[in-house]
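Only one structure is covered here, and it is reproduced in the block below.
The values are calculated or read from the model by the stated rules, or taken from the named source; none is laboratory data. Since the model is a prediction, treat every value here as computed from it, not as a measurement. We place every Cβ from the backbone using ideal geometry, glycine too, and count neighbours over all the protein chains shown.
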Amino acid sequence: MAEQNNRKIRNKNLPGSWHLLIGSISCLSCFGLVLSSYLAYTAINHIAVPCSLTKGCATVEASSHSHILGVPVAGLGVLFYLALLVLTIWLVVNPRVIINRIILILAGGGFLFSIYLSSLEEFVIHAWCAWCISSAILTVIIFVLSLLAVILHDKRLKVLT
């Protein structure tokens, strides 16, 4: 128990670069939450999204892969980005190693899911959606930042022990 309390206290001395990484993940999660909320809203209400860059958004949205078990993929994005936002806020308030790793695992899952969805767009649907690409790029950046945050967090703990 004393070890856990020490770990919590020591983690509060994390460098500013770690806080910058976590703050960046929070900001990107907010942006992703807005993006996926908009897309979920349009999917639920059957509203066509404007798609000037790739011109494939309507094709992707009309495909059978745009829903999983009846839930729009954008709805899963809302849950993903919301979970990341909540976890990053929790991590700032309570900087524990386990929370940092949960963020990394969630971001890694989002990264793999983005690869899967992008593969579907390329090889199955044969159309690209600019909105989907934007979300995938956000997810990749969040994954890289969360990996760096865990490395920095672990490195700091080794220095302090």
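Looking at the structure I just gave you, is residue 62 touching a residue at least 12 places away in the same chain (Cβ under 8 Å) and surrounded by fewer than 19 Cβ atoms within 10 Å (Cβ to Cβ)? Spell out the reasoning first.
Working: touching a residue at least 12 places away in the same chain (Cβ under 8 Å): no; surrounded by fewer than 19 Cβ atoms within 10 Å (Cβ to Cβ): yes.
Judged against the criteria, residue 62 is not a match.
Would you check which residues across the stretch 77-108 are more than 16 Å from residue 30 (Cβ to Cβ), under 15 Å from the mean Cα position of the chain (by Cα) and in contact (Cβ under 8 Å) with a residue 24 or more places away in the chain and list them? Working first, answer last.
Pass one, the stretch 77-108, residues more than 16 Å from residue 30 (Cβ to Cβ): 93-102, 104-105, 108.
Going one step further and asking which of them are under 15 Å from the mean Cα position of the chain (by Cα), we end up with 99-102, 104-105, 108.
Once the filter is applied, which keeps residues that are more than 16 Å from residue 30 (Cβ to Cβ), under 15 Å from the mean Cα position of the chain (by Cα) and in contact (Cβ under 8 Å) with a residue 24 or more places away in the chain, the stretch 77-108 yields 100, 101, 104, 108.
Looking at 131, 90, which is the one that is within 20 Å of residue 41 (Cα to Cα) and aromatic (Phe, Trp, Tyr)? Break it down stepwise before answering.
Numbers: 90 fails: within 20 Å of residue 41 (Cα to Cα).
Unique residue meeting the criteria: 131.
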Problem - Yes/no for residue 52 being assigned to a helix (DSSP H, G or I) and not basic (Lys, Arg) - result: no
Handout entry: Residues that are β-branched (Val, Ile, Thr), in a helix (DSSP H, G or I) and more than 27 Å from residue 105 (Cβ to Cβ), drawn from the stretch 16-49
Key = 42, 44
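Can you go through 120, 91 and tell me which one is in a helix (DSSP H, G or I), aliphatic (A, V, I, L, M) and modelled with pLDDT of 95 or more? Write out each step before concluding.
Values: 91 fails: modelled with pLDDT of 95 or more.
The unique qualifying residue is 120.
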Fill in the blank from the handout: When the stretch 26-66 is checked residue by residue, the ones that are more than 23 Å from the chain's Cα centre (by Cα) and either on the phi > 0 side of the Ramachandran plot or of a type in the set (D, E, K, R) (or both) are 46, 55
